[in-house]
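**Q** Submitted below is the structure of interest, expressed as structure tokens.
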Amino acid sequence: MDATHRIDVEQAMGVQSGDCLWPPVPFDDASPYECCEAVWSALGQAVTPAMLASLDDQDVTRLAAAVGQWFEVDTPSLAQVRTAGAQTLARWPA
């Protein structure tokens, strides 16, 4: 993935996460960059559409826990995390 494509994917991931994870993530705190930081804390910096498409239940659970920990809130539901991933992939398919 080239640098421009990576930035576009990360922007989509951050925006979709902020939209889908509120609540429990406070809307005002859920900037696209902060949401990316939360995702990176669980999945690493090299997140790609293919990686998002291949997340299994254990990965989604780990990601939800990382988001809750990052924002110091209750863990978002697995459905919210899956929706954020699906909406990101709708913009940038694997």
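The values are calculated or read from the model by the stated rules, or taken from the named source; none is laboratory data. Quick caveat, the model's predicted, so the values are computed rather than measured. Please note: Cβ atoms are built from the backbone with ideal geometry, for glycine as well, and neighbour counts cover all protein chains shown. Quick note on the areas: whole protein, heavy atoms, side chains included, nothing else; ligands and nucleic acids left out. Shrake-Rupley method; radii C 1.70, N 1.55, O 1.52, S 1.80 Å.
**Q** Anything in segment 47-62 that is among the aliphatic types (A, V, I, L, M) and open to solvent by 30 Å² or more (accessible area, probe 1.4 Å)? List them, or say none.
**A** ALA50, MET51, ALA53, LEU55
**Q** For ALA94, work out the one condition from (1) open to solvent by 80 Å² or more (accessible area, probe 1.4 Å); (2) of a type in the set (Gly, Ala, Ser); (3) at positive phi it doesn't fulfil.
**A** The failed condition is (3).
**Q** Another question about this same structure. Is it fair to say ASP59 is modelled with pLDDT of 95 or more, more than 10 Å from the chain's Cα centre (by Cα) and in a loop (DSSP other than H, G, I, E, B)?
**A** Details: modelled with pLDDT of 95 or more: yes; more than 10 Å from the chain's Cα centre (by Cα): yes; in a loop (DSSP other than H, G, I, E, B): no.
Against the criterion (modelled with pLDDT of 95 or more, more than 10 Å from the chain's Cα centre (by Cα) and in a loop (DSSP other than H, G, I, E, B)), ASP59 does not qualify.
**Q** Which residues, taken from segment 24-53, are closer than 17 Å to ARG6 by Cβ, free of Cβ contacts under 8 Å to residues at least 12 places away in the same chain and part of a helix (DSSP H, G or I)?
**A** In the first step, residues of segment 24-53 are kept if they are closer than 17 Å to ARG6 by Cβ; the result is 32-33, 35-37, 39-40, 43-53.
From what's left, free of Cβ contacts under 8 Å to residues at least 12 places away in the same chain: 40, 44-46, 51.
Listed by number, the residues that qualify are TRP40, MET51.
Yes or no, residue by residue, for (1) over 16 Å from ARG82 (Cβ atoms); (2) outside any loop (DSSP other than H, G, I, E, B):
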{"position": "VAL9", "(1), (2)": "yes, yes"}
{"position": "MET13", "(1), (2)": "no, yes"}
{"position": "TRP22", "(1), (2)": "no, no"}
{"position": "LEU55", "(1), (2)": "no, no"}
{"position": "ALA65", "(1), (2)": "no, yes"}
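**Q** Of GLY44, GLY18, which residue is at pLDDT 90 or above and either charged (D, E, K, R) or open to solvent by less than 80 Å² (accessible area, probe 1.4 Å) (or both)?
**A** On the way: GLY18 fails: at pLDDT 90 or above.
None of the other options fit; the residue is GLY44.
**Q** Every residue in segment 69-86 that is surrounded by fewer than 17 Cβ atoms within 10 Å (Cβ to Cβ), assigned to a helix (DSSP H, G or I) and not charged (D, E, K, R), please.
**A** GLN69, LEU78, ALA79, ALA86
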